Amino acid sequence: MSNLIIKNATQVVTCSGFSGKRGKEMSDLHVIENGTVIVTDGIISHVLRAGEEVPVNERDYTVIDATGKALLPGFVDPHTHFVFGGYREEEFSWRMRGESYMDIMNRGGGIVNTTRATREASEEELVEVGRQRLDAMMRLGITTVEGKSGYGLDKDTELKQLRVMNRLNQTHPMDIMPTFMGAHAVPAEWRGKEDAFIDFNIREMFPLVKQEKLAEAVDIFCEKDVFSIEQSRRYLSAAREHGFLLKIHADEIVSLGGAELAAELHCLSADHLLQVSDKGIRAMAEAGVVATLLPLTAFSLRENYARGREMIDAGCIVALATDLNPGSSFTASVPLLFSIACIYMRLSPEEAVTAFTINSAAAINRADHIGSINVGKQGDLVLLQFPSYKFLPYHVGMNIVETVVKRGKIIFSICQ
Ligand code: NIG
Ligand code: FE
């Protein structure tokens, strides 16, 4: 049944809104105390204040008493690479000995290492591991996830990865937004022919992906020794002409000007931004590009965190994401994400919640129907074991999710 009443939640943390929030707006979560939320046929039909009467027949609904608990919109993870073959635990141990992520990549490891394993894996195998990873994310309160291709770097494997995500979108309770990332790295067969590889993506891959409706957005790894600003501009401009939304891995290792390019092209989001310039921050704020920050990646790579505090103070729309992938962030730990965002990136708990709900929905162009508790939005909810959203960063590293609801259906609960 997709009819649900969640009654008398100590906090209904609505995150109310239909678009990304910038600067100071990120601090107001529009909390209703002792509120009730009703989902009818999968859509939020009522958000009631304390004392307001339930205007539907409770016999037609599953009823949950949420006394002592906080209710939030389902979390939205707007940047992951969750479909991949193989693992890279050796590379992790090399990094712990002091080798850098880019050194390992430049000598044929990194993304290209995962590309080998992903090419070898069958579609069925990728569906199976993808499903397991989604199940784990769901238990952490994530109800919608973006996933990128980019571990194929050839026609068949890129399409295979996208098909896997589209199949999982049909069969898994979570919603998945697939992004085409043909320019994630340069595979061995294209080394030294980077411009031609960009052309291959533009001429062959974009039309195919579009024709088969396999992805809504296109992404590129704009980085020193990977794809230049000029190559990124060409690739993203062509993607726009094909009608794709634009995303960019920007200013992660080196301050190349990826954020400025994102602003110039009005990308939906610019992601990572560990090395973004002040000018890049201002440009993103002005252009309304969502700055998607990935604290678990900086943590795993032992890098300095992105300047989240400064970005919010400059009026940026800041979102958070896990970046789940086998190299730089083999984790989807939502608890750790919240704690690092608050403790090290100096976001307030309110800003962190905004960044992983309505703003992360905006980062994947879905703020009109998910990311907040508003009448008319999809009934995607997460109920915590504690009475306040403030426990999310405070209870460090602990999963405090009690129940997860997708379109009004309970898809996970520790009570069952
Ligand atoms: O977002 N930086 C580039 N891409 C991924 C990492 C992919 C990998 O190492 O497999 C990221 O961190
Ligand atoms: Fe990434």
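Contact map, the range 69-87: first residue charged (D, E, K, R), second residue within 16 Å of ligand 2 (Cβ to nearest atom) and in a loop (DSSP other than H, G, I, E, B), Cβ cut-off under 6 Å, separation 6 or more or different chains; pairs are D77/A321; D77/T322. When G109, G150 are screened for being within 14 Å of ligand 1 (Cβ to nearest atom), surrounded by fewer than 21 Cβ atoms within 10 Å (Cβ to Cβ) and part of a loop (DSSP other than H, G, I, E, B), only G109 passes. Remark: G243 falls outside the filter, which requires a residue to be over 17 Å from A321 (Cβ atoms), within 16 Å of ligand 2 (Cβ to nearest atom) and not in a helix (DSSP H, G or I).
If you check I64, I5, I44 for being in contact with a Phe, Trp or Tyr (Cβ under 7 Å, 6 or more places away or on another chain), modelled with pLDDT of 95 or more and either in a strand (DSSP E or B) or open to solvent by 40 Å² or more (accessible area, probe 1.4 Å) (or both), only one passes: I5. Within the range 116-129, the presence of at least one residue that is closer than 21 Å to S328 by Cα, touching a residue at least 12 places away in the same chain (Cβ under 8 Å) and within 16 Å of ligand 2 (Cβ to nearest atom) is confirmed.
Contact map, the range 130-151: residues that are closer than 13 Å to K406 by Cα paired with residues that are more than 16 Å from ligand 1 (Cβ to nearest atom) and among the small types (G, A, S), Cβ distance under 6 Å, separation 6+ or inter-chain. Pairs shown: T143/G74.
Look at (1) farther than 16 Å from D219 by Cα; (2) buried (at least 20 other Cβ atoms within 10 Å of the Cβ); (3) more than 12 Å from ligand 1 (Cβ to nearest atom) and you find that R119 fails only one, number (2). Listed here are the helices (runs of 4 or more DSSP H) enclosed by the range 327-401 that have at least 3 residues being open to solvent by 40 Å² or more (accessible area, probe 1.4 Å), and there are none.
The values are calculated or read from the model by the stated rules, or taken from the named source; none is laboratory data. Everything numeric here is computed off the predicted structure, so don't read it as measured data. Cβ coordinates were reconstructed from backbone atoms using ideal geometry, including for glycine residues, and neighbour counts include every protein chain displayed. Just the protein is used for accessible areas: all its heavy atoms, side chains included, with ligands, DNA and RNA removed. Shrake-Rupley method; radii C 1.70, N 1.55, O 1.52, S 1.80 Å.
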